[in-house]
Amino acid sequence: MADRVLAGEIVLPKYQRAFVWGPHQVLELLDSVLRNYPIGSLLLWETTEQLASEETVAGLDVDPPRPGRPIRYILDGQQRLASVIGALHGGAGVWDIVYDLQEEQFFHRTPETPVAAHLLSMRTVSEATSLFGQVAELPAGLRERAARLYEQFANYLVPVVTLDHMSAEESARIFVRINSTGTTMNIVDVARAGTWSPDFDLKDEIESLLQVLDAKDYGRVDTKTMLRTIAVAAGFGFSAKDIYRLRELDKPRLRGAVGAAAKAAERAVDFLSTQIRTPNAEALPYYNQFAVLVEVFRQLPKPSSAQYGALRRWFWLTASGEYFKGWSETQMCLDLQAITAFAERHVSEIDTVAALPRSALWRRSAFSKRNAPSKLLALILSYEDPLDLLSGQRIDVGKALSWQNDKEFHHFFPRAFLRSRGIDGARANVCGNLVMLSSVSNIWVSDRPPSRYLRDLADLDGEEALRHRLRSCLVEEEAYQAALRDDYDTFLRVRSETLHRRLMRLIGPAAESTNVGGTGPLLGEDEIGLNLDDDLLSDEPVDRDSTD
């Protein structure tokens with residue numbers, strides 16, 4: 001079966017999702033084959049209709065289907081088939097799999113894995129000469145295990161069900177239905193397969209949308225966010241249910257929704273770049289803000305000056321609370337109504353129930369380049385045109401906001417110093433303790449107490465120059481004096497109040513249209529000590545915020 005896939009006799013149609021199994025699932029499958037456990041049947045669709053198909057499986061090139069000959073497309077079993085192909089014919093990364101004849105178990109090779117005759121690369125299982133040559137000097141019992149391994153993978157039978165006499169669209173619908181269980185398909189997979197036809201691939205349409213961002217050098221948001229913009233442009237809404245409803249549309253309406261979203265996305269990027277000063281998508285506190293703004297500019301292509309002001313205030317308000325962190329279907333409906341009322345000029349602000357922030361936000365929220373409070377802090381600091389404490393030169397805020405690394409940020413009270421005072425890392429690594437610094441200044445400050453490095457700076461360039469630089473970093477006089485005493489508690493409280501006042505000025509009149517009571521949890525309370533940078537990230541951005 002594996003050879004037939006590589007030879008292009010059995011192929012993956014384009015509407016199939018990508019390989020999503022984890023390393024442990026691959027090892028379990030191989031173990032099941034060795035033990036002769038059933039691994040389920042494969043479902044194929046046989047046709048002479050030639051569809052767009054994947055050119056690789058498990059990272060391996062496959063031959064193109066031969067024109068005019070029957071082709072079998074995989075409808076169910078891709079993850080299992082790709083796992084076996086990758087193990088037997090791959091060789092790098094996740095596919096570098098070893099079978100230990102002594103321990104009788106599969107594992108992934110690591111740099112520490114020794115070279116030994118009893119450790120068989122699974123690639124040798126498809127090459128009898130190599131396999132038996134390697135184990136020739138082993139004890140008889142281990143040679144028997146090697147023979148059993150070879151025979152089991154060479155002769156293992158998988159039930160195959162083959163369908164024919166159906167259209168390409170029917171095959172895509174079957175794919176959606178049978179892949180609702182097992183390793184759950186994500187919403188992008190379902191929407192793509194459910195709308196697929198030989199002349200329409202939603203993945204390509206989403207890619208065309210993302211290229212709008214690429215053309216403006218803005219980076220990318222995740223594909224689910226882009227699907228939201230398409231669903232609402234199609235007349236549905238932002239929610240997952242609305243995205244699923246895209247399957248109800250004919251292809252002209254789908255393409256029309258994509259085109260409308262693309263034009264609005266251009267305007268949204270222009271607004272975010274010029275009005276908010278986010279140099280790229282990575283600087284956005286929440287990707288869902290982008291989805292809402294695209295719909296605003298779809299309904300309101302040319303806002304007035306007053307409406308631009310309202311949009312800025314809405315951005316800062318929704319960036320400062322947990323509103324988008326738990327964006328629910330009910331909230332999405334209310335937001336869509338508020339957008340329409342604003343676009344039709346029935347109201348002067350975009351109505352939202354987002355709670356107003358509190359100054360404790362900055363004392364309690366962990367600093368991490370992937371969480372919303374940290375991005376909000378960076379954006380607020382960028383508005384001040386911060387100066388480097390050591391050189392007095394303007395800091396490259398564009399570089400800092402690109403979030404390629406966090407070297408442009410420094411703990412005003414160094415963590416090592418705070419640790420020596422008995423203050424743990426979670427309390428030291430909060431947003432209120434971060435300023436923008438150049439890499440050179442970062443190294444110069446090192447882990448010295450503020451009282452020492454601040455006095456050194458004052459001696460170098462004078463007190464007034466230092467105060468001016470500190471104000472540009474939103475460290476005002478009372479916080480400066482607390483730092484000279486190495487009084488972290490007072491510094492953090494005062495600086496948090498300064499950041500809070502600056503944020504409230506940005507929110508401005510939008511605060512009057514919001515739920516001032518704010519019953520939701522304070523942003524940051526559940527993020528203390530959280531380090532999202534340690535997450536295993538996929539190749540594309542991921543929306544972690546929505547409840548759907």
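The values are calculated or read from the model by the stated rules, or taken from the named source; none is laboratory data. This one's a predicted model, so the numbers in the text were calculated from it and none came from an experiment. We place every Cβ from the backbone using ideal geometry, glycine too, and count neighbours over all the protein chains shown. Protein only, heavy atoms only, side chains kept; ligands, DNA and RNA dropped before computing areas. Shrake-Rupley method; radii C 1.70, N 1.55, O 1.52, S 1.80 Å.
Which numbered condition trips up Phe412, out of (1) modelled with pLDDT of 95 or more; (2) under 23 Å from Glu322 (Cβ atoms)?
Result: Phe412 fails condition (2) only.
Does any residue in the stretch 217-228 that is free of Cβ contacts under 8 Å to residues at least 12 places away in the same chain and β-branched (Val, Ile, Thr) come within less than 6 Å, Cβ to Cβ, of a residue that is in a loop (DSSP other than H, G, I, E, B) and open to solvent by 10 Å² or more (accessible area, probe 1.4 Å) six or more places away or on a different chain, and which pairs are these?
Close Cβ pairs satisfying both conditions: none exist.
Just wondering, is there one or more residues in the stretch 281-292 that are surrounded by fewer than 18 Cβ atoms within 10 Å (Cβ to Cβ) and part of a helix (DSSP H, G or I)?
no
Might you check whether a residue that is among the small types (Gly, Ala, Ser), touching a residue at least 24 places away in the same chain (Cβ under 8 Å) and surrounded by 22 or more Cβ atoms within 10 Å (Cβ to Cβ) occurs anywhere in the stretch 322-344?
Within the stretch 322-344 (the criterion being among the small types (Gly, Ala, Ser), touching a residue at least 24 places away in the same chain (Cβ under 8 Å) and surrounded by 22 or more Cβ atoms within 10 Å (Cβ to Cβ)), the answer is no, since none of the residues qualifies.
Hey, among the residues in the stretch 223-260 that are among the β-branched types (Val, Ile, Thr) and over 22 Å from Thr330 (Cβ atoms), which one's surrounded by the most Cβ atoms within 10 Å (Cβ to Cβ)?
My answer is Thr223.
Phe132: surrounded by 14 or more Cβ atoms within 10 Å (Cβ to Cβ), in contact (Cβ under 8 Å) with a residue 60 or more places away in the chain and in a helix (DSSP H, G or I), yes or no?
no
Looking at the stretch 113-129 only, could you name the residues that are part of a helix (DSSP H, G or I) and more than 41 Å from the chain's Cα centre (by Cα)?
Within the stretch 113-129, Ala128, Thr129 meet the criteria.
Going by the conditions given, is Ser382 open to solvent by less than 10 Å² (accessible area, probe 1.4 Å) and in contact (Cβ under 8 Å) with a residue 12 or more places away in the chain?
Working: open to solvent by less than 10 Å² (accessible area, probe 1.4 Å): yes; in contact (Cβ under 8 Å) with a residue 12 or more places away in the chain: yes.
So Ser382 fits the description; yes.
Among the residues of the stretch 222-248, write down those that are assigned to a loop (DSSP other than H, G, I, E, B) and modelled with pLDDT under 90.
Asp222
Show me the helices (runs of 4 or more DSSP H) found entirely inside the stretch 428-523 where at least 3 residues are modelled with pLDDT of 95 or more.
Qualifying helices (runs of 4 or more DSSP H): 450-461, 463-472, 477-484, 488-507.
Taking only the stretch 77-112 into account, find how many residues are of a type in the set (D, E, K, R), assigned to a loop (DSSP other than H, G, I, E, B) and open to solvent by 30 Å² or more (accessible area, probe 1.4 Å). Spell out the reasoning first.
To start, the set of residues in the stretch 77-112 that are of a type in the set (D, E, K, R) comprises 80, 96, 100, 103-104, 109, 112.
Then keep just the ones that are assigned to a loop (DSSP other than H, G, I, E, B); that gives 96, 103-104, 109, 112.
Then drop every residue that is not open to solvent by 30 Å² or more (accessible area, probe 1.4 Å), which leaves 103-104, 109, 112.
Count: 4.
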